[in-house]
Amino acid sequence: MAVIEAEELRRTYRTTTGALRRRTLDVEAVRGVTFAVERGELYGLLGPNGAGKTTIIKVLVTLLLPTAGSARVLGHDVVRDVREVRRRVGFVFGGERGLYERLSGLDNLRYFAELYGVPAREQGRRIAELLDLVGLSGRERERVEGYSRGMRQRLHIARGLMHDPEVLFLDEPTLGLDPVGARELRQTVAGLTEAGKTLLLTTHYMFEADALCDRIAVLSRGRIVAEGTPRALKERVGGGRVIEVEVFGIGEERVDALRAVGGVRSVAVEERGQVQALVVRTDAGVEVTPALLARLAGTTIGRVSYREPTLEDAYVALVEE
Amino acid sequence: MAAARVFLVGGVISYRALFNWIRPLSYATTMLGIPLFQLLFFAYVGRFAGVRDDAFFVVGNAVQATAMGGLYAMTMTVANERFFGTLAPVLATPANRLALFLGRALPVVLNALAVSAVAFAAGLLLLDFSLPAARVPALAAVVLVTATATTGLGLLLGSLGLRVRDVLFASNLVYFGTLLVCGVNVPLDVLPPWLQAVGRALPLTHGVEAARRVAGGEGLGGVDGLLATEAGIGAAYALVAFALFRVFELEGRRRASLETY
Ligand SMILES: Nc1ncnc2c1ncn2[C@@H]1O[C@H](COP(=O)(O)OP(=O)(O)O)[C@@H](O)[C@H]1O
Ligand SMILES: [Mg+2]
């Protein structure tokens, strides 16, 4: 039995606008999502902002009712068996908010230890373990209002693990962290799977999903557009190659001319300070470089390099399809 | 067992977390300062107008001072979850909802009792008011019942605050309303019938009357009817408050209206 199962999950938000002439607007945030996560897996929901990632997590942790479809966690229905689900799942929503600012980190954890029914005699040891796990030991008696972004995020994680849940949901856990903090956090997350937990993580960073996840579902406008291991996803758009050409000042019509070259799948222009980089994705086994360079005649060209497609290339291709 | 701890320990932690005026300076100036000046204000206006003696105003305002805790502290201790964005994480726990909700009232009631005691002490020290020590226990019992009832109304305001922004405006309105309609500074029979009716449906009214009688020498046995009514009114507000909290919680899952993180 899968630990997390979603079947044709849908969620629509109804919003009203206008004070006098009220109009209602339905936002279809999640439109029929089906997936299953096995025990011990780290599953990633990858998608741009607004794709519906947070909505899916809210439904799975019982904070939102689905509009249609169903979902089960450890066999418990997220609509009917609310208490059973709540006892067994933890979640971490990214962000500065959601903590009691005036309390110490320790008291924040104590409060949730009570709410999750952690027995009094186990609380001290459990909290100490968690503080250690997230690297907040020694800072736990300070008020949260003085915590940095990273410390808050780590406190969120400690809280999410308070009752030693079998399943943990992490919504954009590294959002807003500095690179060092984000790397430490990814190590913590990786450590959790080693401890046997099942994790579902959302992110819009491709490399993060690539580095952490066993499997990924790419979400776009409320639908899963691809699912598989990071490697399989790369291969889906793979077989191809990526050529990067540095140029100095190039017009849109020239870029269009490049797109017309046989064997070219897509051309993207990235601004990199003084230079622009043309990211040209091509089919495998065709040599397009001479044709590309011929159409760039008259433009100043810098470095030309070749690389294998990354997950990011796969992702951009999928989300733009 | 877990529910008892949510009620007691959880209640105290959430009080410290959510009650804005708990810091010494704001506590002294707001929680104690306002009832103190209110007490002096009405006592001196009363002397100036020559309508009632100091004892009338001391007992009225010192009992009404329980509303500082019962209304304001209680409103904040529920409604501030929205402000901190902590409502979603709290509601995602399996914690017993009744214990979670009512536990927040216990520290508030104790605080209200303390504020009232300070106001009585101020009356004894600064005004022409005296209270034989033998009457203190009975009076304390009356204040306890009244503080609890007022806190029931505070719970209702707190629940409303989970839906309505800036609910403290409503708490202000109710707080100042009680000064007029609950027999605190104006005897009820002076008011038009509709205001009397409002007053009788609010906590404080029966408690203030009971307190005046007990301070005047009557035993608890003589005011048991008043106390029962006061307690009943408080329980009714608390019940409606809890029902509303549950409705908002369930509706929040459907309409995505409770999450503000
Ligand atoms: N409470 C809400 N009310 C109305 N619309 C919402 C609400 N929450 C999310 N949405 C909309 O639903 C869509 C999906 O949002 P979300 O699940 O937060 O996406 P993601 O987490 O992938 O960025 C977005 O278009 C968003 O604007
Ligand atoms: Mg999101």
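Among the residues of segment B:29-41, how many are open to solvent by 50 Å² or more (accessible area, probe 1.4 Å) and within 20 Å of the chain's Cα centre (by Cα)?
Looking only at that region, the number is 4.
One line per residue, one yes/no per condition, for (1) at pLDDT 95 or above; (2) surrounded by 15 or more Cβ atoms within 10 Å (Cβ to Cβ):
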position	(1), (2)
B:ALA112	yes, yes
B:LEU139	yes, yes
B:THR148	yes, yes
B:GLY152	yes, yes
B:LEU168	no, yes
B:ASN172	no, no
B:VAL181	yes, yes
B:ALA210	yes, yes
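What is the number of the single condition among (1) closer than 12 Å to A:PHE169 by Cβ; (2) among the hydroxyl-bearing types (Ser, Thr, Tyr); (3) away from ligand 2 (no atom under 16 Å from the Cβ) that A:THR54 does not meet?
The one condition A:THR54 does not meet is (3).
I'm trying to understand the selection: among the residues of segment A:20-37, which are more than 16 Å from ligand 1 (Cβ to nearest atom) and open to solvent by 90 Å² or more (accessible area, probe 1.4 Å)?
Those that are more than 16 Å from ligand 1 (Cβ to nearest atom) and open to solvent by 90 Å² or more (accessible area, probe 1.4 Å): A:LEU20, A:ARG21.
If A:HIS204 passes every condition in (1) at pLDDT below 85; (2) under 14 Å from the mean Cα position of the chain (by Cα); (3) away from ligand 1 (no atom under 16 Å from the Cβ) but one, which one does it miss?
(3)
Of the conditions (1) within 14 Å of another protein chain (Cβ to nearest Cβ); (2) aromatic (Phe, Trp, Tyr); (3) within 24 Å of B:ALA231 (Cα to Cα), B:PHE120 fails just one. Which one is it?
Among (1) within 14 Å of another protein chain (Cβ to nearest Cβ); (2) aromatic (Phe, Trp, Tyr); (3) within 24 Å of B:ALA231 (Cα to Cα), B:PHE120 violates only (1).
Considering only segment B:61-72, how many residues are out of contact with any Gly (no Cβ under 7 Å at 6 or more places or on another chain) and either open to solvent by 10 Å² or more (accessible area, probe 1.4 Å) or not in a loop (DSSP other than H, G, I, E, B) (or both)?
7
For A:LEU175, are the conditions met, namely being at pLDDT 90 or above and within 16 Å of ligand 2 (Cβ to nearest atom)?
no
Specify which of the listed residues (B:LEU220, B:LEU191) is among the aliphatic types (A, V, I, L, M), over 27 Å from B:ALA138 (Cα atoms) and surrounded by 13 or more Cβ atoms within 10 Å (Cβ to Cβ).
Among B:LEU220, B:LEU191, only B:LEU191 is among the aliphatic types (A, V, I, L, M), over 27 Å from B:ALA138 (Cα atoms) and surrounded by 13 or more Cβ atoms within 10 Å (Cβ to Cβ).
Is it fair to say A:LEU9 is within 15 Å of ligand 1 (Cβ to nearest atom), open to solvent by less than 50 Å² (accessible area, probe 1.4 Å) and on the phi < 0 side of the Ramachandran plot?
yes
Name the one entry in A:THR17, A:THR34 that is free of Cβ contacts under 8 Å to residues at least 24 places away in the same chain, among the polar types (S, T, N, Q) and more than 14 Å from chain B (Cβ to nearest Cβ).
A:THR17
Could you please find all residues in segment A:143-169 being more than 14 Å from chain B (Cβ to nearest Cβ) and crowded, with 18+ Cβ neighbours inside 10 Å?
Passing the criteria: A:GLY150, A:MET151, A:ARG154.
Of everything in segment A:300-312, what is at pLDDT below 85, surrounded by 15 or more Cβ atoms within 10 Å (Cβ to Cβ) and either under 14 Å from A:PHE248 (Cα atoms) or touching a strand residue (DSSP E or B) at 6+ places or on another chain (Cβ under 6 Å) (or both)? Give them in sequence order.
A:PRO309
Only one of these conditions is not met by B:PRO94: (1) open to solvent by 60 Å² or more (accessible area, probe 1.4 Å); (2) part of a loop (DSSP other than H, G, I, E, B); (3) without any contact (Cβ under 8 Å) to a residue 24 or more places away in the chain. Which number is it?
Failing condition for B:PRO94: (1).
I'm checking my understanding of the structure. Among residues of segment A:151-172 that are touching a helix residue (DSSP H, G or I) at 6+ places or on another chain (Cβ under 8 Å) and assigned to a helix (DSSP H, G or I), which one is nearest to ligand 2 (Cβ to nearest atom)?
A:GLN153
Mind checking which residues of segment A:164-187 are more than 24 Å from A:GLU84 (Cα to Cα), more than 16 Å from ligand 1 (Cβ to nearest atom) and touching a Gly at 6+ places or on another chain (Cβ under 8 Å)?
A:LEU177, A:ASP178, A:GLY181, A:GLU184, A:LEU185
So which residues in segment B:66-85 are within 23 Å of A:HIS156 (Cβ to Cβ), in contact (Cβ under 8 Å) with a residue 12 or more places away in the chain and within 12 Å of another protein chain (Cβ to nearest Cβ), if there are any at all?
Selection gives B:THR77, B:ASN80, B:GLU81, B:ARG82, B:PHE84, B:GLY85.
Looking for whichever is buried (at least 17 other Cβ atoms within 10 Å of the Cβ), over 14 Å from the mean Cα position of the chain (by Cα) and closer than 19 Å to B:ARG82 by Cα here; the options are B:GLY161, B:GLY199. Which one fits?
None of the other options fit; the residue is B:GLY161.
Working only within segment A:20-51, note down all residues that are farther than 20 Å from A:LEU212 by Cα, of a type in the set (A, V, I, L, M) and more than 16 Å from ligand 2 (Cβ to nearest atom).
Scanning segment A:20-51 gives A:LEU20, A:LEU25.
The values are calculated or read from the model by the stated rules, or taken from the named source; none is laboratory data. Just so we're clear, the structure is a prediction, and the values are computed from it rather than from any experiment. Cβ atoms come from the backbone with ideal geometry, glycine included; neighbour counts cover every protein chain shown. For accessibility, only protein heavy atoms count, side chains too; no ligands or nucleic acids. Shrake-Rupley method; radii C 1.70, N 1.55, O 1.52, S 1.80 Å.
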